[in-house]
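What follows is one structure encoded as structure tokens, with my remarks underneath.
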Amino acid sequence: MKFIAAGSPRVVSRAIEEFARGQGHVTAIVVPWESEGTTLRMAVTAVKSDGWAIEHTNLGTIRLADAGQDRTDVAIAAELPDHPEPQTLAAVFDRFVRQIQSRFHVESLES
């Protein structure tokens, strides 16, 4: 999925991180070693906690690239791992992606 969001990549990444934190079952964090220049990459993971144990399962990535004029090109891709519950994880990621798009989308891009 691709779309344009208002704000710089850094502003958009912070807003996505906050939104994910508020959801409680998904995290989205900037991965500095995979980011470069005006492009940030974020990892999206499902979070499952049981007491002190917290399990993070990779769901996909978000690429945020500066599109100029205080706008960001957002590209989201699923990267679901081999997991006992692939359909559940896919549903969690799809729901999160739809929420991100509806919250931050200002202009569509061709896929």
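Please find, within region 52-99, the residue that is modelled with the highest pLDDT out of those that are of a type in the set (Gly, Ala, Ser) and under 18 Å from Gln23 (Cα atoms).
Only one residue fits best here, namely Gly60.
Identify the residue in region 19-40 that is outside any helix (DSSP H, G or I) and touching a Phe, Trp or Tyr at 6+ places or on another chain (Cβ under 9 Å) and, among all such residues, is farthest from His105 (Cα to Cα).
The selected residue is His25.
Out of curiosity, is Arg63 under 22 Å from Val106 (Cα atoms) and assigned to a strand (DSSP E or B)?
Values: under 22 Å from Val106 (Cα atoms): yes; assigned to a strand (DSSP E or B): yes.
So Arg63 fits the description; yes.
Counting just the residues of region 16-27 that are surrounded by 17 or more Cβ atoms within 10 Å (Cβ to Cβ) and in contact (Cβ under 8 Å) with a residue 40 or more places away in the chain, which one comes out nearest to Arg103 (Cα to Cα)?
Ranking the candidates gives Ile16 first.
For region 28-44, name all the residues that are surrounded by fewer than 18 Cβ atoms within 10 Å (Cβ to Cβ) and within 19 Å of Ala78 (Cα to Cα). Before the answer, list the steps.
Applying the first criterion (surrounded by fewer than 18 Cβ atoms within 10 Å (Cβ to Cβ)) to region 28-44 yields 29, 31-39, 43.
The answer is Ile29, Val31, Glu34, Ser35, Thr39, Ala43.
The values are calculated or read from the model by the stated rules, or taken from the named source; none is laboratory data. Please read these numbers as outputs of a predicted model, since none were measured by experiment. Using ideal geometry, Cβ is built from the backbone for each residue, glycine included, and neighbour counts are taken over all protein chains shown.
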